[in-house]
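Values quoted throughout were computed directly from the atomic coordinates according to the rules given, and no laboratory measurement underlies them. It should be emphasised that the depicted structure is a prediction, and the values quoted were computed from it without experimental measurement. Note: ideal-geometry Cβ built from the backbone for every residue, glycine included; neighbour counts use all protein chains shown.
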């Protein structure tokens, strides 16, 4: 029931995902059952009629409450215990489902995930991950907005979590970690960044040093490729929102110059958030995938794919082992 395009996008996304997933996989749609069933019937009676065979692999779980995008996170979780968010995450906690995916209220999903699933030992503030397209391979960025103010120790923890994500979900061996700062030199940055740099040097991580904003689009610094970029949630969210605006600007300018839509679409492949679908809230005991509020059916489909890769790679167990070590 969450997201700007609900219930159409989540329901359609589930159908698209099932069309690509092996037959043993099922999807549970958690929400107001009458609304969800009606949307399924509408889609399967129209543009998604060719996917009707997959209806048998969908379970509808009733959740009468709806958390709106404007609801305060903690109040919503306490005041709406029968929301799709709360019920879906409880099902995951109780091993009735293997992962939870939502394009709804991000703050509420973060709060419910931490409260109902709990955090891995030692994790104080789970970060949100996002993928940033580059001239090379996409870069993992965290935190993308969950924690506005962070300590140096928390930035180091983000680096460890990001390394596991890059390894398990993206298949990057020994991922290189970059610390976002205003200069490559260790003495550049605010007090927290400078302390985090020194702490990262003492870890077993593949720390590539400081990276600057100009390094992100190229996919690395003068010292080589970077797989993960670490920063606090304030900087990360500003960077993410700026990133989202760049393709529209360039696309518009090139279109004015007469470049065809087909050429532009090919050139900017990978710059659409729907290509990545969503990303886990790292550090909680489970797999809670946060998707963009404006997620399309394609984005939801890809978010389900991210959840499956996290399950199959045993990412959650890997995080627990890494943090314990």
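The table for this structure:
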{"item": "Length released on extending from residue 190 to residue 322, taking residue separation times 0.36 nm less the Cα-Cα span", "result": "44.7 nm"}
{"item": "Cα long-axis angle, helix 84-93 against the chain (0 to 90 degrees, to the nearest 10)", "result": "70"}
{"item": "Mean shadow area of region 128-275, taken as a quarter of the surface of its Cα convex hull (nm²)", "result": "8.9"}
{"item": "Residue exposure sequence - 221, 260, 291, 151 - by fewest surrounding Cβ within 10 Å", "result": "260, 151, 221, 291"}
{"item": "Burial ordering of 134, 97, 74, fewest other beta-carbon atoms within 10 Å first", "result": "74, 134, 97"}
{"item": "Max mean-square fluctuation residue, GNM over the chain, Cα-Cα springs under 10 Å, options 264, 199, 21", "result": "264"}
{"item": "Base-10 log of normalised Debye intensity for region 220-325 (one unit scatterer per alpha-carbon) at q = 0.10 Å⁻¹", "result": "-0.42"}
{"item": "Rg/Rh (Cα only; Kirkwood hydrodynamic radius) as it applies to the chain", "result": "0.98"}
{"item": "Calculated log₁₀ intensity ratio I(q)/I(0) where the Debye formula runs over C-alpha points of region 1-60, q = 0.14, 0.18, 0.22 Å⁻¹", "result": "-0.33, -0.55, -0.83"}
{"item": "Alpha carbon centroid spacing (whole Å) that separates region 205-228 from region 1-63", "result": "40"}
{"item": "Helix axis angle, 315-324 relative to the chain longest principal axis, alpha carbon, degrees", "result": "40"}
{"item": "Of all DSSP beta bridges in the chain, antiparallel share, percent nearest 5", "result": "35"}
{"item": "Beta bridges by DSSP in region 128-275, antiparallel share as percent, to the nearest 5", "result": "35"}
{"item": "For the chain, calculated [θ]222 nm from helices alone, where every DSSP H run of n ≥ 4 adds -39500 (n - 2.57)", "result": "-13000 deg cm²/dmol"}
{"item": "For the chain, built as a Gaussian network whose Cα springs stay under 10 Å, the top-fluctuating residue of 120, 25, 54", "result": "25"}
{"item": "Region 159-176 and region 269-318: distance between their alpha carbon centers, rounded to Å", "result": "15"}
{"item": "Folded to 0 to 90 degrees: helix 233-256 orientation relative to the chain principal axis, Cα", "result": "80"}
{"item": "Cβ-based exposure ranking for 319, 67, in which fewest neighbours within 10 Å come first", "result": "319, 67"}
{"item": "Cα point-scatterer Debye curve for region 112-163, base-10 log of I(q)/I(0) at q = 0.29 Å⁻¹", "result": "-1.21"}
